[in-house]
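The values are calculated or read from the model by the stated rules, or taken from the named source; none is laboratory data. What you see is a predicted model, and the numbers here were worked out from it, not measured in a lab. Neighbour counts run over all protein chains shown; Cβ positions are idealised from the backbone, glycine included. What goes into the accessible areas is simple: the full protein's heavy atoms, side chains included, and nothing from ligands, DNA or RNA. Shrake-Rupley method; radii C 1.70, N 1.55, O 1.52, S 1.80 Å.
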Amino acid sequence: MDRILIRGGRPLEGRLAIGGAKNAALPLMAAGLLTEAPLTLENVPQLADIDTMASLLAEAGLTLERGGRRFAIGGRITSTEAPYDIVRRMRASVLVLGPLLARCGEARVSLPGGCAIGTRPVDLHLKGLEQMGAEIRLEGGYIDARVRGRLRGAEIVLPFPSVGATENLLMAATLAEGRTIIANAAREPEIGDLAACLVAMGAEITGIGSDRLVISGVPALHGATHAILPDRIETGTYLCAVGVTGGELLLEGGEATHLAALIRPLAEAGMVIEETASGLRARREGRLAGVDVMTEPYPGFPTDMQAQFMALMAVAEGAAMITETIFENRFMHVPEINRMGARINVHGASAIVRGVAALSGAPVMATDLRASVSLVLAGLAARGETIVNRVYHLDRGYEALVEKLAGCGAAIERITG
Ligand code: EPZ
């Protein structure tokens, strides 16, 4: 299995390009199931999770023409089943449920299991679809959903603003009969991107960007071309990277618009982040100071940045309290960073980070994407050699991570085999 070797202690200097957002690309690809006409997506990142979604679409009978970062998705649906073998690789596979059901009146999708960061049920997706007239049975590890005729518009109040449930219900509602209201909808920018693409495909949606989406169903959608927004989490990760190493980076294509909740504590800690015409420029001045954060649904501090921010706080001066409110088990990086000399204690949903002057390199591993990248950041900050195992987690969500960091002066390489 591949590993990443890092010799820490070098400042990052230079520029690197920010790709399209993984968490926007995945639902946008699923939206390709809503029409036979081609949906062309631009700025699609090259990631393992994208390949997994592509396999699911191929399984449904669609054709995908890939030309670099451009994907044309189209064709007739010949199967409404999302098999276990693919779904087990990626929870976001469940995003095909709403589109398949709305378009074909039936869908059989393997139930995604729990995962490293929590139990992560899909009850909100299923309840919403039931309110729209679907009959849902759970059997043999599969979600079996059907509806007689078209789905029907409904007023759905989400008890929690789930990102995936909002996306699934939004896609399903575009083809439902009548009006659907999704109240307490998640407001993540990736949902706005999905909604914008659906509108370009002929959907009628108002309230985009708010927590109340109103969708007037239409009988059919048509093709469209849509460019995926830049990845705010990739951007945030490299902001934290230059925070741990010092130096100065230009993140080409990176935008501050959707990152206010991260940029605020980074600035408070002592980083200087500026918007320029070509992207975000960031540098660290002196040693950073500890700052408290708490993860929340957008526009709050993103849970997908919690582990990276913790790596930064591990080498800041003073203490920081980091509270995780979205997932119940998203501190798996803590014992690994502690093995590198950090001083972090977890009490329930909060971690107290007492900054140390320096970390020391060690072999480490993590069980999910963001935890893994936080170990890469810790390795960049540490004295000596760090080996990050289980690189396949990183391949799911960071395109050319090693090349991008090495291009900015990091001593980092991938060891294959
Ligand atoms: C999305 O996951 C992202 N994935 C995650 O990114 C991200 O961490 C998460 O949103 C929160 O921002 C994609 O966009 C593909 P949720 P999702 O439904 O949709 C509970 C990464 O690293 N819940 O908002 O699965 C759930 O258990 C990944 O890129 C229910 O209880 O997140 C969790 O505690 C990891 N029932 C909370 O809500 C449901 O039916 C948030 O989940 C659905 C969710």
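Computed over neighbours whose Cβ is under 14 Å from that of R152, the net charge equals 0, Lys and Arg +1, Asp and Glu -1. Top mean-square fluctuation among D395, D123, D211, Gaussian network model of the chain, C-alpha springs under 10 Å? Looking only at D395, D123, D211, the biggest GNM fluctuation is shown by D123.
Given a 1.4 Å probe and every protein chain left where it sits, what share in percent of the accessible area of segment 39-89 is carbon and sulfur?
Details: 930 of 2300 Å².
C and S atoms contribute 41 percent here.
Only the Cβ atoms of Lys and Arg (+1) and of Asp and Glu (-1) were treated as charged; on that basis the dipole of the chain about its Cα centre amounts to roughly 500 debye. The distance from the alpha carbon centre of segment 81-124 to that of segment 332-373 is 31 Å, rounded to a whole number.
Could you please state how large a percent of the accessible area of segment 161-207 is carbon and sulfur, counting protein chains only and using a 1.4 Å probe? Let's see the in-between values first.
Values: 550 of 1150 Å².
C and S atoms contribute 48 percent here.
Label segment 327-385 by shape, choosing from rounded, prolate and oblate, from the square roots a ≥ b ≥ c of the eigenvalues of the Cα gyration tensor; if a/c is under 1.5 it is rounded, and otherwise prolate applies when a/b is larger than b/c, oblate when it is not.
Working: a/c = 2.43, a/b = 1.32, b/c = 1.84.
Verdict is oblate for segment 327-385.
Rounded to whole Å, give me the distance from the Cα center of segment 262-304 to that of segment 60-78. So the separation of the two Cα centres works out to 38 Å.
With the contact rule set at Cα under 8 Å and sequence spacing of 6 or more, what percent relative contact order holds for the chain? Could the numbers behind the result be given before it?
Numbers: 1044 pairs, mean separation 89.1, N = 417.
This gives 21 percent for the chain.
Taking amide H atoms as placed 1.01 Å from N in the peptide plane, the amide H of Y142 lies under 5 Å from those of L111, each 5 or more residues away in sequence or on another chain. Largest first, the three principal axis extents of the alpha carbons in the chain are 64, 43, 41 Å in whole numbers. For segment 220-245 and segment 182-199, what is the separation of their C-alpha centers, rounded to whole Å? Answer, in whole Å: 15. Think of the chain as having a plus end and a minus end, set by charges on the Cβ of Lys, Arg, Asp and Glu; of L41, L359, A378, L359 sits farthest toward the positive end of this dipole.
Accessible area per residue, 1.4 Å probe, Å², for segment 299-371: what's the number? Can you show the working numbers first?
Numbers: 2520 Å² over 73 residues.
Ligands and nucleic acids excluded, the result is 34 Å² per residue.
Scaled against the 2.2 N^0.38 Å expected of a compact globular protein of N residues, the Cα radius of gyration of segment 103-172 reads 1.11.
At 222 nm, what helix-only mean residue ellipticity would the chain give, in deg cm²/dmol to the nearest 500, using -39500 (n - 2.57) for each DSSP H run of four or more?
Details: 14 runs with 132 residues, N = 417.
It comes out at -9000 deg cm²/dmol, rounded to the nearest 500.
Solvent exposure of segment 103-192, expressed per residue, is 41 Å² of accessible area, with all protein chains present and a 1.4 angstrom probe. Positive end of the dipole of the chain (Cβ unit charges, origin at the Cα centre): among L266, L97, C115, the Cα lying farthest that way belongs to C115. Answer rounded, prolate or oblate for segment 258-417, using the Cα gyration tensor with square roots of eigenvalues a ≥ b ≥ c: rounded when a/c is under 1.5, else prolate when a/b is larger than b/c, else oblate. Note, shape of segment 258-417 comes out rounded. Using the Cβ-Cβ distance between S210 and E13 with R0 = 35 Å, the FRET efficiency computed as 1/(1 + (r/R0)^6) comes to roughly 0.30.
For R148 and E317 in the same chain, what is the full-extension length gain: residue separation times 0.36 nm, less their Cα-Cα distance, in nm? Don't skip to the answer; put the middle values down first.
Working: separation 169, 0.36 × 169 = 60.84 nm, distance 6.14 nm.
Going from the current span to full extension adds 54.7 nm.
The Cβ shell under 12 Å around L111 holds other residues with a net charge of +2, Lys and Arg each +1, Asp and Glu each -1. Across segment 45-50, coupling constants 3J(HN,Hα) worked out from phi with the 6.51/-1.76/1.60 Karplus curve, θ = phi - 60°, read x, 9, 9, 4, 5, 5 Hz, and Gly and Pro carry x. Check each of the GluC sites (Glu not before Pro) in segment 246-308 and keep only those in coil by DSSP with at most 16 other C-beta atoms within 10 angstrom; list them in order. Listed in order of number, the matching sites are E285.
Overall, the anisotropy analysis places segment 45-130 in the oblate class: the square-rooted eigenvalues a ≥ b ≥ c of its C-alpha gyration tensor yield a/c not less than 1.5, with a/b not exceeding b/c.
Quick one: net charge around A195, please, counting Lys, Arg +1 and Asp, Glu -1 for every other residue with C-beta under 14 Å from its C-beta.
Values: positive: R187, R212; negative: E167, E188, E190, D193, E204, D211.
Residues close to A195 contribute a combined charge of -4.
Between the Cα long axis of helix 163-174 and the first principal axis of the chain there is an angle of about 30°, rounded to the nearest 10.
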